[in-house]
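The values are calculated or read from the model by the stated rules, or taken from the named source; none is laboratory data. This is a predicted model, so every value here is computed, not measured. For neighbour counting, all protein chains shown are included, and Cβ atoms are generated from backbone atoms with ideal geometry for every residue, glycine included. Quick note on the areas: whole protein, heavy atoms, side chains included, nothing else; ligands and nucleic acids left out. Shrake-Rupley method; radii C 1.70, N 1.55, O 1.52, S 1.80 Å.
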Amino acid sequence: MRRLARHNLDPAAARVQLTELSNLIATRSVLRERDDVLPFFRTRPDICLMFSYYLPDIKEPDWFAIEFVIYGDFRADLIVGDFNAKRYMLIEFEDGSPNSIFSKKPKTAPAWASRMEGAFSQIVDWYYKLDDMKATNDFANTFGDRDAVFEGLIVTGKDMKLAPQEKARLKWRIENVRVASKKINTISFDEFVEDADFRLRRYHNV
């Protein structure tokens, strides 16, 4: 699917799909973006919509697309949003491994992993293109308003066991670095499973 489509969240289906994701994570030492991650989410819209909770302004997630083409130049792995609120989360999946965020070369302060930096740069390009196109009628028709709001989310890594300094560096980067006043968040696949499980139990009783 390359264009936004309406889909209302089914919490019971999301619970089933979350269990399937947990099983996938448990049976792979490394999650490969192209071989494991994208094929999984392509057929599971309800678990896709659970990513919307990382943007609090999204109240009723009801629009999504896998491999969403951004005006011919770029492609987001996933976009989810609330059409009425005009709020959208742009998601970039990367491989899930222990070294997905920081390089594990022996040094006091490990460098950011190359795929992590590449994912961040991709989202910067998405922000640029969306801002460039916001005055067009197509933008307003697609997203409901020329003032639609976007945030980026990188989903990468599993079983990372980050050191305290690495956790502090990642937290600082998430909280303090902005691109055109927009945040770019980062979570691991393990975190997503834990957060989605909590939200399904707390807010949907499933």
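Can you tell me which condition Lys161 does not meet? The list is (1) within 25 Å of Ser22 (Cα to Cα); (2) more than 19 Å from the chain's Cα centre (by Cα); (3) assigned to a helix (DSSP H, G or I), and all the others hold.
Lys161 satisfies all of (1) within 25 Å of Ser22 (Cα to Cα); (2) more than 19 Å from the chain's Cα centre (by Cα); (3) assigned to a helix (DSSP H, G or I) except (3).
Among (1) free of Cβ contacts under 8 Å to residues at least 60 places away in the same chain; (2) surrounded by fewer than 15 Cβ atoms within 10 Å (Cβ to Cβ); (3) out of contact with any helix residue (DSSP H, G or I) (no Cβ under 9 Å at 6 or more places or on another chain), which single condition is Tyr127 missing?
(2)
Look through Phe143, Phe150, Phe139 and report the one residue that is more than 17 Å from Ser103 (Cα to Cα), free of Cβ contacts under 8 Å to residues at least 24 places away in the same chain and open to solvent by less than 30 Å² (accessible area, probe 1.4 Å). Don't jump to the end; show me each part of the working.
Details: Phe143 fails: free of Cβ contacts under 8 Å to residues at least 24 places away in the same chain; Phe150 fails: free of Cβ contacts under 8 Å to residues at least 24 places away in the same chain.
Answer to the check: Phe139.
Which of the residues spanning the range 28-82 are in contact with a strand residue (DSSP E or B) (Cβ under 6 Å, 6 or more places away or on another chain), β-branched (Val, Ile, Thr) and open to solvent by 10 Å² or more (accessible area, probe 1.4 Å)?
Ile58, Val69
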